[in-house]
Amino acid sequence: MCGIIGFTGNIPVQDILLDGLQRLEYRGYDSAGIAYFKEEQHISLRKTAGKVADLRAICDDNNSSVCGIGHTRWATHGGVSNVNAHPHRVGKVALIHNGIIENYHELIEKFHLGGKLKSETDTEVAAAVFEALYDGDPEEAIRRGVKLFKGSFAFCILFADHPGEVYAIRNVSPMVAAHCEEGSFIASDLTAFISYSNRYFIVPEYHLLKMTPDGITMASLEGETAEPEYLEVDWDVTAAQKEGYAHFMLKEINEQPEAISRTIVPRLANGLPDFTEDGIDDSFFEDCSDITIVACGTAMHAGLVGKSLLQNMFQIPVTVAIASEFRYEAPVIGEKSMVIVVSQSGETIDTLEALKLANRYTKKTLAVVNVKGSSIARESNYVLYTHAGPEIAVASTKAYTVQVATFFLLAVKLGLVTGKMTEKDARAFVDNLQRVPDVIRQILLTADDIEELTQRMTNAQNTFFIGRGLDYSLAMEGALKLKEISYIHAEAYAAGELKHGTIALISEGVPVISIANQSHVYSKVISNIREVKARGAYVILLSRDEKISDPSICDVQLRIPDLPDAFTVFPSVVILQFIAYFAAVGKGFNPDQPRNLAKSVTVE
Ligand code: M6R
C-alpha cells in the first residue's frame with residue numbers, strides 16, 4: 001500500500017518520479033506528490049489529492065532537478081486531501097512513507113507537537129521527530145528516530161542541507177533499490193524503475209541507505225556496513241505496460257495461457273512434476289500428517305481449490321485459513337504438518353505474520369509466491385515461485401490461475417510420493433494440465449460473446465454465484481471479482497445451502513451465475529438452479545453441456561470446453577473474470593483502480 005520512489009543521479013528526476021508513480025499507482029491512488037532539490041538547500045514540494053495525472057498537471061515543465069522522492073497514497077491516517085498527501089516537510093526534513101506509525105499520539109506528546117502539525121497524518125509526525133533529532137547528521141537523526149517508532153514503515157527522506165542525497169530505511173513495508181548508469185533508485189517495487197534496471201536488491205529491515213549519484217551505501221542501525229545482494233528479473237518494462245489493451249486487467253486476463261505455461265513447464269521432468277530446481281526434494285512431501293493453506297482474498301480462493309484437490313484425491317486433512325484470522329488463533333499445527341502460504345505480492349502483512357507463526361510449529365512451510373525475493377518468499381523455508389510476471393491491476397487474475405496450477409502440480413507430487421497416485425494416473429493428470437493454456441486461449445477468443453451475453457450484469461443491484469464442490473470455490477472468486485471492480489453486490493453460496501435462508505433474496509430478474517461442472521453433484525446443482533429459476537432468477541449457467549436437456553433452467557449458457565471435472569476451474573474462472581471486467585467497464589468504472597482498494601495490503 002502506498003507507492004514510493006526516490007532517485008538521485010545524472011538525469012532529471014521529475015519524469016523518473018512521475019513515470020515511476022504512474023507504474024506504482026496500483027498501490028494507492030488517493031493522492032500523489034513529489035519533493036526535489038530545487039536549488040542548494042531548498043526542497044520544493046508538489047502534491048495534490050487525486051491521481052498521478054493530476055500531479056503531473058501541476059508540475060513544473062522546466063524542472064532540471066536530479067534528486068527527489070515521490071509518493072502515491074492509500075489513505076490510512078487522515079482523509080484524502082492536499083494537505084494529507086505526501087511528501088511531508090517539517091523544517092529541513094521532507095519525507096514520504098508507506099506503513100503506519102502506531103504510536104504517533106505518544107510521539108506528538110513526547111516532542112510537544114500538539115498544534116504545530118498541518119496534516120492529520122502519522123507521517124508528518126515522523127517528519128517532525130526526525131527534524132527534532134536533526135543536528136546536521138542525517139544518519140544519526142534517522143537511527144535515533146526509527147528506534148522510537150512502533151509499527152511498519154518504509155521512508156525516503158531528504159535533508160535540505162544535503163542536496164543530492166536520498167536516505168531510506170524500512171521495517172516490514174517493502175522497498176527495493178538499485179544503482180545503475182543513470183544513478184541510484186529506490187522504490188516500493190521494481191516496476192517503478194524497471195526501465196532503468198532489471199537488477200535490484202531488497203532493502204533489509206532496519207538498514208539505513210544513503211543514496212548518492214555515485215552509489216548506495218548501506219549499514220545496520222549499529223553502523224555495521226552491509227553489501228546489497230542483487231537479484232535479477234527476466235521481464236522488462238513492457239510487462240508493466242498496457243501494450244495496447246484498454247486496461248491492465250484485460251491484458252492480464254489475456255496473459256494467462258503463457259503465465260501458466262511458464263509456471264508449470266519448467267517443473268516437469270519426463271512428464272511428471274519435479275521441484276528439484278526449486279530446492280524441494282521428495283522428502284518434503286513424505287510423512288505429512290495434514291496441510292494448512294493460509295492466504296487472503298483471491299490467493300485464499302486459490303487455496304480453496306487446492307484444498308478440494310488435495311483432500312479429495314488423497315484424503316489428507318486440509319484446512320484453508322484466512323491469514324488475518326489464523327495469525328491471532330492458536331494454530332493446530334504439528335511437526336508433520338505442512339503449511340502452504342499463497343501470495344501474489346509476497347508482502348501481504350497478514351499472510352507474512354501467519355507464516356512467521358507457522359514457522360514456530362513446523363519446518364514444512366512452503367510459500368507459493370509471485371514476486372521474487374519478497375518478504376514472504378524470504379521468510380518461508382521453501383518457495384515455489386509462480387511466473388505470472390508483474391500483476392498491476394488490483395483485481396487478481398493471472399496470479400490466481402498460476403496459483404491454482406501450482407496446486408495441481410503439488411497434488412500430483414504428493415500423490416506420487418505418498419503412493420496414492422499411480423504413475424499412469426499422474427501422467428494423465430499432467431497431460432490435462434498441459435492442455436489448459438490452449439483451453440484458456442479458446443475462452444479468450446469468445447470474450448465478445450461473453451460481454452454480449454452477460455450485459456444484463458451491468459444493471460444488476462444484487463447477484464449470486466452458486467456451485468458445489470470445486471465450483472463453490474470458484475463461485476467465491478467470481479463474486480469477489482465482481483464486487484471489487486463493479487461495486488455490484490455479489491454473494492457466493494454453496495448451491496445446496498441457498499434454501500437455508502438466502503433463497504429469500506431471490507426475486508424476479510436477480511442474476512444467479514451458476515457453475516455446474518462437477519459430475520458427482522451435477523444433478524444436485526441443476527436442482528438448485530431450478531429452485532432459483534422457479535423464483536424468477538436470471539440464470540447464467542457455466543457448464544460443459546453441449547445441449548442442456550431442459551433449456552428452461554437457464555437464460556444464458558456459457559459453454560465450458562470438455563475437460564475432466566477438476567480442470568474446468570481454469571476456463572470457468574476466466575469467464576468469471578470477464579463477467580466482472582465487462583460489468584465494471586459497462587458501468588463506466590476503471591477496473592484497474594477500484595475505489596478504496598490497493599494492490600498490496602501491507603497494513604493490517
Ligand atoms: O498479494 P496477495 O496475493 O497476498 O494479495 C492477497 C489479496 O489481497 C488479493 O488477492 C486481493 O483479494 C485481490 N485484490 C483480489 O482480486
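The values are calculated or read from the model by the stated rules, or taken from the named source; none is laboratory data. Source: prediction; values computed, not measured. Note: ideal-geometry Cβ built from the backbone for every residue, glycine included; neighbour counts use all protein chains shown.
Do any strands (runs of 3 or more DSSP E) entirely within the range 71-160 hold 2 or more residues that are touching a Ser or Thr at 6+ places or on another chain (Cβ under 6 Å), and if so, which?
It comes to 93-101, 151-159.
If you take the residues in the range 339-351 that are without any contact (Cβ under 8 Å) to a residue 60 or more places away in the chain and more than 6 Å from the ligand (Cβ to nearest atom), which one is nearest to residue 318 (Cα to Cα)?
Residue satisfying both the conditions and the ranking: 339.
Taking the conditions exactly as written (surrounded by 23 or more Cβ atoms within 10 Å (Cβ to Cβ), in contact (Cβ under 8 Å) with a residue 12 or more places away in the chain, more than 16 Å from the ligand (Cβ to nearest atom) and not in a loop (DSSP other than H, G, I, E, B)), does residue 576 satisfy them or not?
In short, no.
Only one residue in 522, 487 is among the hydroxyl-bearing types (Ser, Thr, Tyr), within 30 Å of residue 347 (Cα to Cα) and surrounded by fewer than 24 Cβ atoms within 10 Å (Cβ to Cβ). Which one?
After ruling out the rest, the residue left standing is 487.
Does residue 481 count as touching a residue at least 24 places away in the same chain (Cβ under 8 Å), of a type in the set (Lys, Arg) and buried (at least 24 other Cβ atoms within 10 Å of the Cβ)?
In short, yes.
Looking only at the range 44-54, decide whether some residue is part of a strand (DSSP E or B), in contact (Cβ under 8 Å) with a residue 40 or more places away in the chain and among the charged types (D, E, K, R).
Yes, the conditions are met somewhere in the range 44-54.
Filter the range 452-474 down to residues that are within 26 Å of the chain's Cα centre (by Cα) and charged (D, E, K, R), then give me how many there are.
Counting residues in the range 452-474 that are within 26 Å of the chain's Cα centre (by Cα) and charged (D, E, K, R) gives 1.
Please give the number of the condition residue 597 fails out of (1) touching a Phe, Trp or Tyr at 6+ places or on another chain (Cβ under 9 Å); (2) in a helix (DSSP H, G or I); (3) under 18 Å from residue 476 (Cβ atoms).
Exception for residue 597: condition (2).
Right, residue 542: of a type in the set (A, V, I, L, M), out of contact with any Ser or Thr (no Cβ under 9 Å at 6 or more places or on another chain) and crowded, with 24+ Cβ neighbours inside 10 Å or not?
So residue 542 fails the test.
Residue by residue, here is whether (1) of a type in the set (Phe, Trp, Tyr); (2) modelled with pLDDT of 95 or more; (3) away from the ligand (no atom under 16 Å from the Cβ) holds:
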{"site": "456", "(1), (2), (3)": "no, no, yes"}
{"site": "472", "(1), (2), (3)": "yes, yes, yes"}
{"site": "478", "(1), (2), (3)": "no, yes, no"}
{"site": "481", "(1), (2), (3)": "no, yes, no"}
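Can you say whether residue 540 is under 21 Å from residue 400 (Cα atoms), away from the ligand (no atom under 16 Å from the Cβ) and modelled with pLDDT of 95 or more, as far as the supplied structure shows?
Taking the combined requirement at face value, the residue does not satisfy it.
For (1) surrounded by fewer than 18 Cβ atoms within 10 Å (Cβ to Cβ); (2) polar (S, T, N, Q); (3) outside any strand (DSSP E or B), each residue gets a yes or a no:
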{"residue": "211", "(1), (2), (3)": "no, no, no"}
{"residue": "252", "(1), (2), (3)": "no, no, yes"}
{"residue": "265", "(1), (2), (3)": "yes, no, yes"}
{"residue": "291", "(1), (2), (3)": "no, no, no"}
{"residue": "298", "(1), (2), (3)": "no, yes, yes"}
{"residue": "306", "(1), (2), (3)": "no, no, yes"}
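Give the residue, chosen from 405, 354, 358, that is away from the ligand (no atom under 13 Å from the Cβ), surrounded by 21 or more Cβ atoms within 10 Å (Cβ to Cβ) and over 22 Å from residue 256 (Cβ atoms).
Step by step, each of 405, 354, 358 is checked, and only 358 is away from the ligand (no atom under 13 Å from the Cβ), surrounded by 21 or more Cβ atoms within 10 Å (Cβ to Cβ) and over 22 Å from residue 256 (Cβ atoms).
I'm checking my understanding of the structure. Among residues of the range 147-162 that are more than 16 Å from residue 44 (Cβ to Cβ) and touching a residue at least 60 places away in the same chain (Cβ under 8 Å), which one is surrounded by the fewest Cβ atoms within 10 Å (Cβ to Cβ)?
The selected residue is 147.
Quick one: count up the residues across the range 1-43 that are in contact (Cβ under 8 Å) with a residue 60 or more places away in the chain, surrounded by fewer than 19 Cβ atoms within 10 Å (Cβ to Cβ) and more than 14 Å from residue 191 (Cβ to Cβ).
The number of residues fulfilling the criteria is 5.
Mind checking which helices (runs of 4 or more DSSP H) fall wholly inside the range 315-433 and carry at least 3 residues that are within 17 Å of the chain's Cα centre (by Cα)?
349-359, 375-379, 398-417
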